[in-house]
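The values are calculated or read from the model by the stated rules, or taken from the named source; none is laboratory data. Model, not experiment: these values are computed from the prediction. Cβ sites come from the backbone with ideal geometry, for glycine too, and all protein chains shown count toward neighbours. These accessible areas exclude ligands, DNA and RNA; they are computed on the full protein's heavy atoms, side chains included. Shrake-Rupley method; radii C 1.70, N 1.55, O 1.52, S 1.80 Å.
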Amino acid sequence: MNILKVIFRAPRPGNITDMPATVTRWWKRKNYSALTFFGYILTSGDQIADHLNSRFDSLKNHEMIHLRQAQNTHNSWMCFYVRYLWYSLLAARYFRKLNNASYYLNPFEMEAYLHQNDLSYLIGLDESGGASGWREYAKMPLAKRLTLMKEKYLRIE
C-alpha cells in the first residue's frame, strides 16, 4: 500500500459506505488493533483484517464512527486529522493523570469508545451528516473528560 497514493486518491468521507480492512506491516501499536486511515482500516495482522471484513462488531463499529466523524468535519479527511491532532495535543498535558491521555481524552476517541458497543449508534446518522457527539466532548474541560472516561469506559479510580 503506497501511503501517498492512498492519501491523495482518497474519496471524500461522504462517498464511503464501508471501509475495507487491510494489513500493513509498518503500523504496530501495542494494545491497539486497528486504525482509520483515509477510508481504510489498517491492521497489523491478517486475522484481524479478515475479522473486520467479515463481521460488524464493536471494533468495526468504533472505526466506522470515525468515518462518520470525518463526514461531520466538513466531509474532509484532512479537517478530521488536523482536528484530531489538535485535540490530542491539548489533552497531552494530562499524561500524568492518565496513561495515553492524548488518545483517550480526544473527543473523537471518546465518542467512538463510549458508543462502540452500541451497534445501532450509526443508524440514522447518515441522514444527519455524520457522528457529532465529539463536539459536545470537545466543549468539556479536560478534567470533566477525564472523569467521564474513567467512569464510563476505563473503569479506573
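Taking the full set of protein chains and a 1.4 angstrom probe, give the accessible area of PHE95 in square angstrom, rounded to the nearest 10.
Probe radius 1.4 Å; accessible area of PHE95 about 120 Å².
Would you mind computing the Rg to Rh ratio of the chain from its alpha-carbon coordinates, Kirkwood style for Rh? Intermediate results must be reported in sequence, preceding the final value.
Working: Rg = 15.2 Å, Rh = 16.1 Å.
Reported Rg/Rh, Kirkwood definition of Rh: 0.95.
Which of the trypsin sites (Lys or Arg not before Pro) found in segment 65-157 are in a DSSP loop and have at most 10 neighbouring Cβ atoms, other than their own, within 10 Å? Spell out each step's value before the answer.
Working: sites: ARG68, ARG83, ARG93, ARG96, LYS97, ARG135, LYS139, LYS144, ARG145, LYS150, LYS152, ARG155; in loops: ARG96, LYS97, ARG155.
Listed in order of number, the matching sites are ARG96, ARG155.
Sum up the charges of everything whose Cβ sits under 13 Å from the Cβ of SER54, counting Lys and Arg as +1 and Asp and Glu as -1, but leave SER54 out. Mind showing how you got there, number by number?
Numbers: positive: ARG55, LYS60; negative: ASP18, ASP46, ASP50, ASP57.
Around SER54, the surrounding residues sum to -2.
Using the Kyte-Doolittle scale, find the helices of the chain whose mean hydropathy is at least 0.0 and whose Cα atoms extend 15 Å or more along the helix's long axis, counting only whole DSSP H runs.
Working: long enough: 58-72 (21 Å, -1.15); 77-91 (21 Å, 0.91).
Sorted by number, the helices that extend far enough and score high enough are 77-91.
Could you order LEU148, LEU42 so the one with the most accessible surface comes first? Probe is 1.4 Å.
On the way: LEU148 35, LEU42 0 Å².
Highest to lowest solvent-accessible surface, that is LEU148, LEU42.
Determine the sum of side-chain charges near GLU136: Lys and Arg each +1, Asp and Glu each -1, restricted to other residues whose C-beta is under 12 angstrom from that of GLU136. Working shown, then result.
Details: positive: ARG135, LYS139, LYS144, ARG145; negative: GLU111.
Once all neighbours under 12 Å are counted, the net charge is +3.
Given Cβ point charges of +1 (Lys, Arg) and -1 (Asp, Glu) and nothing else, what value in debye, to the nearest 20, does the dipole of the chain about its Cα centre take?
Values: 21 positive and 13 negative charges, 154 e Å.
Computed about the Cα centre, the dipole is about 740 debye.
³J(HN,Hα) across segment 33-38 via Karplus (A = 6.51, B = -1.76, C = 1.60, θ = phi - 60°), whole Hz, x for Gly/Pro?
Couplings: 9, 8, 8, 7, 9, 6 Hz.
What number comes out for the charge environment of ALA101, summing +1 per Lys or Arg and -1 per Asp or Glu over other residues with Cβ under 10 Å away?
Numbers: positive: ARG93, ARG96, LYS97, ARG145; negative: none.
Charge balance near ALA101 sits at +4.
Using DSSP to call loops (not H, G, I, E or B), can you name the trypsin sites (Lys or Arg not before Pro) in segment 1-59 whose Cβ has at most 16 other Cβ atoms within 10 angstrom? Kindly include the intermediate steps, with their values, before the conclusion.
Values: sites: LYS5, ARG9, ARG25, LYS28, ARG29, LYS30, ARG55; in loops: ARG25, LYS28, ARG29, LYS30, ARG55.
Here the trypsin sites (Lys or Arg not before Pro) that fit, given the DSSP loop and packing criteria, are ARG25, LYS28, ARG29, LYS30, ARG55.
On the accessible surface of segment 54-157, probed at 1.4 Å, how many percent belong to carbon and sulfur atoms?
Values: 3060 of 5620 Å².
Carbon with sulfur: 55 percent of the solvent-accessible area.
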